[in-house]
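The values are calculated or read from the model by the stated rules, or taken from the named source; none is laboratory data. Keep in mind that this is a model prediction, so the values were computed, not measured. In this analysis, Cβ positions are derived from the backbone assuming ideal geometry, glycine residues included, and neighbour counts consider all displayed protein chains. Remember, those area values only see protein heavy atoms, side chains included, never the ligands or the DNA or RNA. Shrake-Rupley method; radii C 1.70, N 1.55, O 1.52, S 1.80 Å.
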Amino acid sequence: MKKKICLIHTGGTIGMIRGESGYLPKAGYLETVLDTIEDLKNPAMPDFDFFEMDPLLDSSDMAVGDWNRIGEEIATRYEDYDGFVILHGTDTMAYTASALSFMLENLNKPVILTGSQIPLCEVRSDGRDNLVTSLLIAQDGKFGEVCLYFGGRLLRGNRATKMSADGLLAFDSPNCPRLCEAGISIRYLPVPPAPAPASEKLTLCHLLDVPIGVLKVFPGIRFPIFDKLMTEKLRGIVLETFGAGNIPGEGNALLPIIERAFKAGSVITVCSQCPQGTVSLGTYATSSPLKSAGAVSGYDMTTEACVAKLYYLFSKGYSKEEIKALMEENLRGELTKI
Ligand code: ASP
């Protein structure tokens, strides 16, 4: 029996048209284009149903409520389909993939996000292959997790990051091997599995719009300027540090801020500005005090995964101590502990 895939259009370049002020999504347009793609009618393809979200978004406009709506679209149809392909803009695709990987608890069917850098309405669009191959990979059903397919690469969703603003190989997962490479054939690769689901029943965790912040350190940063923001306004903070988790000498000013923030209920996670490699608190004297001040290590998590994980853990209602501990645990394949 042919597999049945649910194709959900959320917006993004793949289905955009040219408007007066630049590309923008247009309701009802993509379905008419899909009708003209002969490959989609090839017997090798799975059956699929097309659903379009309202409104369609440029993914730069996506926020937590939109992740919840996408999660609902999947969860309500979960039993009716063998897999899901989500058409999405590239700008925040890695954030949505990360968020869905946490929100879709006990997922064991493929959910593949894809899109394109060039709209389908233009010549040389990369959308056709991204869509066709994503449907074929969803049909194969080798991975019951949230993935991102783009430019011949299938990536673990919560490890993916957008690497190029204009290249067609726009995404990669520098800290996790690719799940599959699609050249002449679709070649699945051995990858450490994500932790197995605890039950067979999919549950959707809706995310709360808790205030989360990302602070990128830079030479000369004046931490006291961020004091009030970190101790009074934000619940979850991702600190993008140098290399393996290092902060500038001025960081002494940061430590009491971290202590106060933690006392006030915030969780500060240390990530690296380097796309590849891991945070290792204590390797250098410049990172040691972060841990004792109350920050947690994000190890090799992407900023996208860290942000999504903070939303998820705060939404689950855990205490700050539980959130601190879980930020350092591998919940969905999003980190490798050293
Ligand atoms: N701004 C677009 C979006 O993220 C870019 C893209 O899809 O490539 O929706």
Task: Residues in region 231-251 reached by a label modelled at Lys263 [backbone nitrogen below 20 Å; 7 Å Cα→Cβ] - done: 231-237, 251
- [ ] Mind jotting down a quarter of the surface of the convex hull over the alpha carbons of region 179-338, in square nanometres, one decimal?
- [x] 11.3
Task: For region 89-239, diffusion coefficient by Stokes-Einstein and Kirkwood Rh (Cα), 20 °C, 1.002 mPa s, µm²/s - done: 124
Open item on the list: From Cα pairs below 8 angstrom and at least 6 apart in sequence, can you work out the relative contact order of the chain, rounded to a whole percent?
Closed with: 15
Task: Where only C-alpha atoms are counted, convex hull volume of region 245-338 per residue in Å³ - done: 90
TODO: Please work out how much length the chain gains when fully extended from Lys337 to Glu321, using 0.36 nm per residue of separation minus the C-alpha to C-alpha distance, in nm with one decimal.
DONE: 3.9 nm
Task: DSSP beta bridges in the chain [antiparallel fraction, %, rounded to 5] - done: 35
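Run lengths n ≥ 4 of DSSP H only: what is the helix-derived mean residue ellipticity at 222 nm for the chain, with -39500 (n - 2.57) per run over all residues, to the nearest 500?
Taken over the chain, the calculation gives -7000 deg cm²/dmol.
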Open item on the list: Which log10 I(q)/I(0) values does region 1-62 give at q = 0.15, 0.26, 0.28 Å⁻¹ under the Debye formula, counting every alpha carbon as one identical point scatterer?
Closed with: -0.52, -1.12, -1.21
Open item on the list: Can you compute the charge dipole magnitude of region 223-332 about its Cα centre, using +1 on each Lys and Arg Cβ and -1 on each Asp and Glu Cβ, nothing else charged? Give it in debye, rounded to the nearest 20.
Closed with: 300
Open item on the list: Can you give me the C-alpha center-to-center distance between region 214-252 and region 285-338, rounded to a whole angstrom?
Closed with: 16
Open item on the list: Give me the extension gain from Glu181 to Arg77: residue separation times 0.36 nm, minus the current Cα-Cα distance, reported in nm with one decimal.
Closed with: 34.6 nm
Task: Rounded to 5, percent antiparallel among DSSP beta bridges of region 210-338 - done: 5
Open item on the list: What's the ranking of 43-51, 297-305 by average number of surrounding C-beta atoms within 10 Å, highest first?
Closed with: 297-305, 43-51
Task: Straight-distance crosslink candidates among aspartates and glutamates, where the alpha carbon sits under 19 Å from Lys337 and sequence neighbours closer than 8 are dropped - done: Glu240, Asp300, Glu304, Glu321, Glu322, Glu328, Glu329
Task: Members of Lys142/Lys316; Lys162/Lys316; Lys216/Lys324; Lys41/Lys109; Lys201/Lys233 lying beyond 25 Å, as alpha-carbon distances in this model show - done: Lys142/Lys316; Lys162/Lys316; Lys201/Lys233
- [ ] Under 1.5 on a/c is rounded, so check that first for region 17-138, then, if it is not, pick prolate when a/b is larger than b/c and oblate when it is not; a ≥ b ≥ c are the square roots of the alpha carbon gyration tensor eigenvalues.
- [x] oblate
Open item on the list: Along each principal axis of its Cα atoms, how long is region 132-196 end to end? Whole angstroms, biggest number first, please.
Closed with: 34, 26, 16
TODO: At 7 Å along the Cα-to-beta-carbon direction for both Asp61 and Ile17, put a label point, then send me their distance in nm to one decimal.
DONE: 1.6
- [ ] Could you work out the Rg to Rh ratio of the chain, with Rh taken as the Kirkwood radius (inverse of the mean 1/r over all Cα pairs)?
- [x] 0.99
Task: Between region 16-41 and region 139-185, the alpha-carbon center distance in angstrom - done: 23
TODO: Provide, for q = 0.22 Å⁻¹, the log10 of I(q)/I(0) from a solvent-free Debye sum over equal Cα point scatterers in region 179-218.
DONE: -0.84
TODO: Between Val123 and Tyr188, with labels modelled 7 Å along Cα→Cβ, what's the label distance in nm to one decimal, could you check?
DONE: 3.9
Task: With every protein chain in place, the chain: carbon and sulfur % of accessible area (1.4 Å) - done: 52
